[in-house]
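Okay, structure first, notes after.
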Amino acid sequence: MWNLARFAATAVARSRRRFSTAIPGPCIVHKRGADILHDPWFNKDTGFPLTERDRLGLRGLLPPRVISFEQQYDRFMNSYRSLEKNTQGQPDKVVALAKWRILNRLHDRNETLYYRVLIDNIREFAPIIYTPTVGLVCQNYSGLFRRPRGMYFSAKDKGEMMSMIYNWPAPQVDMIVLTDGSRILGLGDLGVQGIGIPIGKLDIYVAAAGISPQRILPVMLDVGTNNQKLLEDRLYLGLRQPRLEGEEYLSIVDEFMEAVHARWPKAIVQFEDFQMKWAFETLERYQKRFCMFNDDIQGTAGVALAGLLGSVRAQGRPLSDFVNQKIVVVGAGSAGLGVLKMAIQAVSKMAGCSETAAKSQFYLIDKDGLVTTDRNNLDPAAAPFAKNPTDLEGLTEGASIIEVVRKVRPHVLLGLSGVGGIFNEEVLKAMKESVSAKPAIFAMSNPTMNAECTAIDAFKHAGEDIIFASGSPFENVDLGNGKVGHVNQANNMYLFPGIGLGSLLSGARLITNGMLQAAAECLASYMLEEDISKGILYPSINSIRDVTAEVGAAVLQAAVEEDLAEGHVDVGPKELANMTKEETVEYIGRNMWYPVYSPLVHEK
Ligand SMILES: NC(=O)C1=CN([C@@H]2O[C@H](COP(=O)(O)OP(=O)(O)OC[C@H]3O[C@@H](n4cnc5c(N)ncnc54)[C@H](O)[C@@H]3O)[C@@H](O)[C@H]2O)C=CC1
Ligand SMILES: CC(=O)C(=O)O
Ligand SMILES: [Mg+2]
């Protein structure tokens, strides 16, 4: 892994694939009449052909004219454009929520049409169904709630989960995104309102990885909330009790994991937006027992590492120079520590040195400043990355961001702190003195208001030659004279869909570090030199399906290499092992669900 020859191969132009969108076979439905119209998995609204209306008992329940899928699509997009026009000049939050509502109404009514408009307009709609608007939706969930989506397991359900899991109507679930709502983006503990995050992540799974919407399950584990405002809110929809702690908490998560795997032994569980202590503890507890991963720790690490390696290439340096880059990470939470761990492993492999030696280039800052071994009550999770003060030449325990940046003059300043604006003018100006002529600034916290700095401020204060990435999208920055400051979106959405899909199609029962590293390596090598040299570190979100197919193939092949791939449906382990890289990508692409109306066949 981190074989430099692989990166050299990126100079060869890659043919971007488009995956077949063959008409799917018939779809069995066990309902008739109005029940079908009220089921968004099967509903086609005015699109049911007359023969199907007869077969399914729908005649007379719809206006007589049959409207084609394309016409329905245009009708929706026209309504969306009218809404945009009619909300012009209104506050950003009002407009964002109005856009979310119109998409959500379609989601509730007709999933085929919803996912088609999402896939075709992913660049425009991702910021609505995902970060940043999803954060606003979570904050306002009680008021926005109309109908449930996904499943809710609460502390009051202890002892019942094994039977509750059978209340989910789909016979098969492949992908679950699970949260306990304790650290939603950079917005803190939002309790049950955090369900918006699993919903948004799974929308990305459908759009990017082509997991069928009938096989996804967003889950909220409601163990209470420590958010006083929510506890006092009359309209709050979750348990009004403080969060469970310790063994009581873990017993709830254990019961959920057992229940899921009793019903769907091969379902993959993505842990999302858990507060740090539980993020690490649950990963440690389950990663060798269940097919699961923690997106904030592991998905983010891979995306950040791909961006860091891209930054080296963008500086015109050979990739091997990564081992010499000085990197300051601000935020010692699940995301920041995940990034550090993976980046240090990469340096150690590239340089052929110990991880201890590889750490020397990295600096970690949390809310109390620079993390050193001098700290009282040093968090055990951060301890492996704490600096020895004797190595610091002038910096001391708790040094501020500006002090560290001035002293270290890092190549990269990377924020995963959840604190909006902490890369202030002074810090950004200090980055001008970086040892690199093209320093990189990664303001990765979400949503937008929690980003460590805006794109405009970064280019304004740190200089036009910086490389910039943020977790939530910003527009590219016009630097004048035809120059553009490119904004990259360093978000785990470039990896988690491929990690999930590749693991699923490999049939592996575990997700290993090797599989995750293969995903990161694939993303890192995805970009061509001509883009990288312009400071473009990640592919356009418009090509997210292609990226996901490549990442998925890399994950699958890593599972094969580790002898973990047991096969999926009718493709056995031997067939997987015999596939070339190209065939693996094709196989992944063939297995992506694509939204078209299937003929519905009723069966009792
Ligand atoms: N772009 C992406 O793909 C991802 C972004 N994130 C974002 O990263 C942020 C952090 O997530 P987690 O690590 O899970 O949270 P966390 O709560 O586990 O950690 C936050 C860390 O930031 C530190 N911090 C707080 N205030 C600070 C300050 N003023 N100066 C320096 N450090 C400070 C805390 O001490 C803590 O170490 C969130 O905003 C989240 O949305 C997380 C995962 C993926
Ligand atoms: C992107 C993401 O997973 C987060 O901000 O938590
Ligand atoms: Mg997250």
message = Pairs please, first residue from the stretch 531-553 and on the phi > 0 side of the Ramachandran plot, second anywhere and among the β-branched types (Val, Ile, Thr) and buried (at least 21 other Cβ atoms within 10 Å of the Cβ), Cβ atoms under 9 Å, 6+ apart in sequence or on different chains.
response = Gly535/Ile466; Gly535/Ile467
task = Kindly provide the set of residues from the stretch 421-452 that are within 16 Å of ligand 2 (Cβ to nearest atom) and open to solvent by less than 40 Å² (accessible area, probe 1.4 Å), ordered by number.
result = Phe442, Ala443, Met444, Ser445, Asn446, Pro447, Asn450, Ala451, Glu452
request  = Test each condition in (1) open to solvent by 30 Å² or more (accessible area, probe 1.4 Å); (2) more than 20 Å from Asp296 (Cα to Cα); (3) outside any loop (DSSP other than H, G, I, E, B) for Ile199 and report the one that comes out false.
outcome  = (2)
message = Checking the structure you have, find out if any residue of the stretch 112-119 is within 17 Å of the chain's Cα centre (by Cα) and either surrounded by fewer than 24 Cβ atoms within 10 Å (Cβ to Cβ) or more than 16 Å from ligand 3 (Cβ to nearest atom) (or both).
response = yes
ask   = Which helices (runs of 4 or more DSSP H) does the stretch 469-550 wholly contain that include 3 or more residues that are in contact with a Gly (Cβ under 7 Å, 6 or more places away or on another chain) and under 26 Å from Ile588 (Cα atoms)?
value = 496-506, 513-526
request  = Of the numbered conditions (1) loosely packed, with under 13 Cβ neighbours inside 10 Å; (2) closer than 22 Å to Tyr141 by Cβ, Val95 fails exactly one; give the number of that condition.
outcome  = (1)
ask   = If we keep just the residues of the stretch 165-186 that are open to solvent by 30 Å² or more (accessible area, probe 1.4 Å), in contact (Cβ under 8 Å) with a residue 40 or more places away in the chain and away from ligand 3 (no atom under 16 Å from the Cβ), which is farthest from Phe256 (Cα to Cα)?
value = Gln172
message = Among the residues of the stretch 325-336, are any among the aliphatic types (A, V, I, L, M), under 17 Å from the mean Cα position of the chain (by Cα) and more than 22 Å from Asp174 (Cβ to Cβ)?
response = yes
ask   = Would the stretch 407-424 turn up any residue that is free of Cβ contacts under 8 Å to residues at least 40 places away in the same chain, assigned to a helix (DSSP H, G or I) and not assigned by TED's automatic domain parsing to the domain that holds Trp278?
value = yes
Number of the exception - Leu237 against (1) within 16 Å of ligand 1 (Cβ to nearest atom); (2) in contact with a Gly (Cβ under 9 Å, 6 or more places away or on another chain) = (1)
query = With Val477, Val484 as the choices, which residue is β-branched (Val, Ile, Thr), surrounded by fewer than 18 Cβ atoms within 10 Å (Cβ to Cβ) and away from ligand 3 (no atom under 16 Å from the Cβ)?
reply = Val484
ask   = Can you tell me which residues in the stretch 274-297 are of a type in the set (S, T, N, Q) and either more than 10 Å from ligand 1 (Cβ to nearest atom) or free of Cβ contacts under 8 Å to residues at least 24 places away in the same chain (or both)?
value = Thr282, Gln287
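The values are calculated or read from the model by the stated rules, or taken from the named source; none is laboratory data. Fair warning: this is a prediction, and the values are worked out from it, not measured in the lab. We place every Cβ from the backbone using ideal geometry, glycine too, and count neighbours over all the protein chains shown. We work out accessible area using only protein heavy atoms, side chains counted, and drop any ligands, DNA or RNA first. Shrake-Rupley method; radii C 1.70, N 1.55, O 1.52, S 1.80 Å.
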